[in-house]
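The values are calculated or read from the model by the stated rules, or taken from the named source; none is laboratory data. Fair warning: this is a prediction, and the values are worked out from it, not measured in the lab. Reconstructed Cβ throughout: ideal geometry from the backbone, glycine too, with neighbour counts over all protein chains shown. Ligands, DNA and RNA are excluded from the accessible area calculation, which covers all protein heavy atoms including side chains. Shrake-Rupley method; radii C 1.70, N 1.55, O 1.52, S 1.80 Å.
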Amino acid sequence: MVQPSGPPSRRARLVTKDGRCNIELGNLESGNHLAYLVDFWTTFVEIRWRFVLLLFVASFTGSWFVFSLLWYWIAKSNGDLAAPGGVDGHVMCVANVNSLTTAFLYSLETQTTIGYGGRALTGQCPGTVAVIVLQSVAGVFINSFMCGVILAKISLPKRRAKTVSFSQVAVICLLKGKLCLLIRVANLRKTLLIGSQIYGKLLRTTTTPDGETFILDQLDIAFTVDSGKDNLFFVCPLTLYHAIERSSPFYELSADTLAQQDFELVVFLDGISESTSSSCQVRTSYTPQEIRWGHNFLPIISRTRTGKYCVDFSNFSKSVRVDTPHCARCFDGNVDLPNRKRHTEKMGVDNLGFHVIDIHDSVDVTKM
């Protein structure tokens with residue numbers, strides 16, 4: 001029976017399925033908040049888009065208004081408001097700036113280099129030259145900063161991570177004569193992740209013999225594929241596996257006790273984007289309710305009659321029940337190596353990461 005991917009568990013978890021860390025920092029000292037202002041660039045890059053757009057509008061309109069007050073003050077000090085248009089031989093500092101509204105329009109035209117021609121410096125007031133230079137420099141700085149923030153947010157490496165997908169569930173079954181925990185990962189883009197590395201962390205609450213309790217105690221979980229665990233050729237979906245041996249934290253588990261456990265398996269994939277050369281990290285997590293003992297993933301890579309390799313993502317997280325030992329301990333104690341090899345060959349799981357089958361061209365598949 002094929003088992004579809006189920007809904008995510010409602011158990012509180014440190015890392016969500018899409019890789020976000022579910023953690024809250026409380027009771028921070030007031031001095032620690034100043035660190036966000038010191039590292040203002042990272043703060044601006046990481047804030048939400050709504051605040052970036054608000055900052056974008058506020059920075060420009062605010063600078064226009066501040067400099068309009070300077071231009072209005074210059075006009076008022078020079079008497080331009082009392083004698084507009086050069087009455088009685090009066091020489092204006094800025095032509096046609098005789099109110100706060102016209103001062104704001106002149107400030108906007110200056111900073112955005114529009115220059116309609118109706119308002120301009122007369123050259124009779126030396127202070128106006130300094131103000132226009134100051135506003136031009138400030139405008140260039142604001143333009144550069146805002147363009148940099150927007151470009152940095154658009155090109156964040158975590159955006160590339162959105163196109164790398166993990167299976168919704170993990171499975172435990174026999175693979176190459178060993179009891180293994182299997183996870184699928186797929187790259188949804190044709191561009192590769194160079195120098196990819198995979199590893200895992202098991203988060204659980206442990207108590208020492210002295211009675212000391214460690215919350216979120218971390219244990220290393222080694223994952224690999226047939227080609228190794230470094231420098232993966234990540235052109236098609238891969239199946240990661242962790243061998244449940246005596247050194248594995250899962251060695252004491254069984255099919256009956258798995259669902260009653262309280263842990264979280266966090267899986268990481270690090271790599272460098274081929275197109276942008278930026279490093280990125282993809283992560284997800286699995287709770288005991290999302291690990292299926294005695295299941296194996298369905299094959300998703302196939303070859304058409306024309307020789308093209310295709311990936312059917314409708315089976316990406318689907319699994320089928322297979323014959324699997326009840327626990328790792330009984331598997332080590334009761335099954336010899338020749339029997340394991342025969343059992344593995346019978347199950348046909350020699351290479352889950354790249355299983356090729358023949359299909360008709362009419363089948364709905366996603367082409368690589």
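Some points to look at:
- Test: PHE268 is assigned to a loop (DSSP other than H, G, I, E, B), closer than 19 Å to GLY19 by Cβ and not aliphatic (A, V, I, L, M): no
- Residue match in the stretch 198-220 (condition: assigned to a loop (DSSP other than H, G, I, E, B) and closer than 30 Å to THR163 by Cβ): no
- Residues in the stretch 292-344 that are of a type in the set (Ser, Thr, Tyr) and at pLDDT 85 or above were compared, and the one that is nearest to the chain's Cα centre (by Cα) is SER317.
- Selection from the stretch 204-219 of residues that are surrounded by 11 or more Cβ atoms within 10 Å (Cβ to Cβ), under 18 Å from CYS21 (Cβ atoms) and free of Cβ contacts under 8 Å to residues at least 24 places away in the same chain: ASP217, GLN218
- Qualifying residues in the stretch 140-159 (those that are in contact with a Ser or Thr (Cβ under 7 Å, 6 or more places away or on another chain) and assigned to a helix (DSSP H, G or I)) - the one least open to solvent (accessible area, probe 1.4 Å): MET146
- For ALA259: the one exception among (1) more than 26 Å from the chain's Cα centre (by Cα); (2) part of a loop (DSSP other than H, G, I, E, B); (3) surrounded by fewer than 21 Cβ atoms within 10 Å (Cβ to Cβ): (2)
- If you go through the stretch 50-82 and keep only what is aliphatic (A, V, I, L, M), surrounded by 14 or more Cβ atoms within 10 Å (Cβ to Cβ) and part of a loop (DSSP other than H, G, I, E, B), you end up with just LEU81.
- Residue check, ALA243 open to solvent by 10 Å² or more (accessible area, probe 1.4 Å), touching a residue at least 40 places away in the same chain (Cβ under 8 Å) and within 25 Å of VAL164 (Cβ to Cβ): yes
- Selected residue (criterion: least open to solvent (accessible area, probe 1.4 Å)) from residues of the stretch 279-307 that are without any contact (Cβ under 8 Å) to a residue 60 or more places away in the chain and of a type in the set (D, E, K, R): ARG303
- Sole residue being within 16 Å of VAL235 (Cβ to Cβ) and open to solvent by 40 Å² or more (accessible area, probe 1.4 Å), chosen from LYS190, LYS178, LYS162, LYS201: LYS190
- Take the conditions (1) under 30 Å from LEU53 (Cβ atoms); (2) out of contact with any Cys (no Cβ under 6 Å at 6 or more places or on another chain); LYS190 misses just one of them, which is (1).
- Flag if ALA222 is surrounded by fewer than 16 Cβ atoms within 10 Å (Cβ to Cβ) and either within 18 Å of PHE250 (Cβ to Cβ) or touching a Leu at 6+ places or on another chain (Cβ under 6 Å) (or both): yes
- Of all the criteria given as (1) more than 30 Å from LYS153 (Cβ to Cβ); (2) open to solvent by 30 Å² or more (accessible area, probe 1.4 Å), the one not satisfied by VAL94 is (2).
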